[in-house]
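I have placed the structure first, in the form of structure tokens, so that the comments after it can refer back to it.
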Amino acid sequence: MNPWMIAATLALAAGPSVALAQDTHLARNLAATCANCHGTNGQAVGDMKPLAGVSAAKIVSMVADYKSGNQPATIMHQIAKGYTDDQIKLVAAYFAAQKPAK
């Protein structure tokens, strides 16, 4: 088997994680979908929960609770189900790295 075939086989076997790693802006782009409710870069205004500066582990846990139905919600349970666990981790890490609003 030639080296190109081996590389292609390994890339296919690696699955979605390779695709996620290839897009350096994927976390930011996914997090932008949260802006309508949680503000730009997670800096919410008003009564909405800010996400900027919240630990990634806490965000992952909260979204998992919405996704499983353990946390009641008006819309978050539906939104959470639209993301893979890897995507949720990317978004959580992105928001954790943002500075909270003053």
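The values are calculated or read from the model by the stated rules, or taken from the named source; none is laboratory data. What you see is a predicted model, and the numbers here were worked out from it, not measured in a lab. Please note: Cβ atoms are built from the backbone with ideal geometry, for glycine as well, and neighbour counts cover all protein chains shown.
Observations
- Of the criteria (1) of a type in the set (D, E, K, R); (2) under 12 Å from the mean Cα position of the chain (by Cα); (3) surrounded by 12 or more Cβ atoms within 10 Å (Cβ to Cβ), which one Asp85 fails: (3)
- Number of positions in the stretch 37-61 that are among the hydroxyl-bearing types (Ser, Thr, Tyr) and under 17 Å from Lys89 (Cα atoms): 2
- Evaluation of Asn70 against (1) surrounded by 13 or more Cβ atoms within 10 Å (Cβ to Cβ); (2) modelled with pLDDT of 95 or more; (3) not acidic (Asp, Glu) (one fails), failing number: (1)
- Members of the stretch 68-93 found to be in a loop (DSSP other than H, G, I, E, B) and closer than 22 Å to Asn29 by Cβ, listed by number: Ile75, Lys81, Gly82, Tyr83, Thr84
- In the stretch 88-102, the residues that are free of Cβ contacts under 8 Å to residues at least 40 places away in the same chain, under 8 Å from the mean Cα position of the chain (by Cα) and more than 11 Å from Lys58 (Cα to Cα): Ile88
- Exclusive hit being within 13 Å of Lys89 (Cα to Cα) and either in contact with a Gly (Cβ under 7 Å, 6 or more places away or on another chain) or modelled with pLDDT under 90 (or both), set Ala21, Ala14, Ala27, Ala64: Ala21
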